[in-house]
1. In whole Hz, with x marking every Gly and Pro, tabulate ³J(HN,Hα) for the stretch 66-82 from phi via Karplus 6.51 cos²θ - 1.76 cosθ + 1.60, θ = phi - 60°.
2. Given the chain, what percent of its DSSP beta bridges are antiparallel, to the nearest 5?
3. Got a sec? How would Trp134, Trp7 order by Cβ neighbour count within 10 Å, fewest to most?
4. Neighbour counts of other C-beta atoms within 10 Å: give me Asp268, Asp31 arranged from fewest to most.
5. Based on the Cβ-Cβ distance of Phe353 and Asn154, what FRET efficiency does E = 1/(1 + (r/R0)^6) give at R0 = 35 Å, to the nearest 0.05?
6. Tell me which lysines have Cα within less than 25 Å of Lys69's Cα, excluding those fewer than 8 residues away on the same chain?
7. Considering all alpha-carbon pairs of the chain, what whole percent are spaced by more than 30 angstrom?
8. Kirkwood hydrodynamic radius of the stretch 104-247 from all distinct Cα pairs, in Å?
Amino acid sequence: MERPNAWKGYGDDQLADLNRICEDYKSFISDNKTERECCAAAVELARAAGYEDLEERIASGAPLSAGDKVYAVNRGKTLMLVHLGTSPLTEGVNILGAHIDSPRLDVKQDPVDEKNELVTLDTHYYGGIKKYQWVAMPLAIHGVVAKKDGSVVNVVIGEKADDPVFCISDLLPHLGAQQMSKKATEVIEGEMLDVLVGNRPIVVDADAEKDEDAEKSPVKAGVLNILRDALGIEEEDLLSAELEVVPAGAARDLGLDRSMILGYGQDDRVCAYTSLVAQLECEAPARTAVTLLVDKEEIGSVGATGMTSNFFENVMAEVLELAGEHGALALRRCLARSNMLSSDVSAGFDPAFASVFEPKNSCYLGHGLTFNKFTGSRGKGGSNDADAEYIATIRRVMDEGGVAWQTAELGKVDAGGGGTIAYILAVYGMNVIDCGVPVLSMHAPWEATSKADVYEAYRGYRAFLKLA
Ligand code: MN
Ligand code: MN
């Protein structure tokens, strides 16, 4: 069953629309590389589109009715958008879900180290990475430092053209014979992911008061002076910081034909951004439209901001209450009768690594939004296995919307596998299917997508939100 290449079907108007979405998408993922940054930027876009803070609505007690748009934020890292439809909530809602955390290196709580006048920050990687890919490339630091006085300092260093960047050193090939004979998992080990941040010692004035720390670690003293002067933080403040080391620089067009995008963290911002735009552009839905942008997917959807927290359910309960649909049973009915697209990236077929794919059941760059009946590994383990009936509904909705789409599983049987947030929502008994955008080099510092697939994801999400 051949699925057509989406590029072949575009007229001038669609190409203009495709370029609009992809240019905005590139800016969004270039400017917003962490879950906090994505959440804040999405709130700003939502407010501009007429969304109100649900907390304010709860405080005022003003009821919610068809056409009302509200958002809820969880710890600045997870966002939920709700656009009320004309149908009762107890008949179910349409949900788009994607995650806004991406693989990266997190700075440790006590990170600063000086050895041989090189100062580094110790890191602990987040999510599934090939560690050897993160060395010898420009890196940026994004995050927050929370101080004891309650203030929070935002940090973004390494993105502006005149910013300094950071790197992790690698061994020169001349001395790398032993390293190169190691297994790829051992070439660079976790504790070797130390980010280089300084090499210039401070000069201690002979008349100055004796400072043993500065004498012992003069380069570190210089780095700490800069943190103090530029950001107003002390070394101790790093104990309560969340600093994420990510590839420095903007997402770019990929290829002579500019048909693709090379960018950091397209897993899963490509689905998150297109879901967000589809939600914001949704007009007068029949069923209530909901978009969930969640954190912690890459480490198992755990914690207060991961999908397994009660945030989603709690917000739905608040929305039902304000919409005059009271009680626990109304919430249960709403959730059980809902539809969801659990969006996460898929492994695009890569001829360079053809042996791990089954060609018929693979997704191809440029062939559109990809639906995965199931994910998981070792006999579908850990997956949400979508109903045939729900898939038939999705086929109808996508075909009626003229969306280019395809189906796939993540690689050959027993080649490996992966999980998403789908099974967590399926617990409520709602319809859930995995879908997303094909990616090459998934989880590498720079991941590749097709602009046609970015566009078809956006169009597919728009079509889904019209599902009555
Ligand atoms: Mn993902
Ligand atoms: Mn991932």
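Bear in mind these aren't lab numbers, they're just calculated from the coordinates by the rules spelled out. None of these values were measured; they are calculated from a predicted model. Note that we place each Cβ from the backbone using ideal geometry, even for glycine, and neighbour counts take in every protein chain shown.
1. 3J(HN,Hα) across the stretch 66-82, in whole Hz: 3, x, 6, 10, 9, 10, 9, 10, 10, 6, x, 10, 10, 10, 10, 10, 10.
2. If I count the DSSP bridges inside the chain, around 70 percent turn out antiparallel.
3. Least crowded to most crowded, the residues run Trp7, Trp134.
4. Asp31, Asp268
5. Here the calculated transfer efficiency is 0.35.
6. Qualifying lysines at Cα under 25 Å: Lys77, Lys466.
7. Distances greater than 30 Å cover 48 percent of the Cα pairs.
8. Mean inverse Cα-Cα distance, inverted, gives 16.5 Å.
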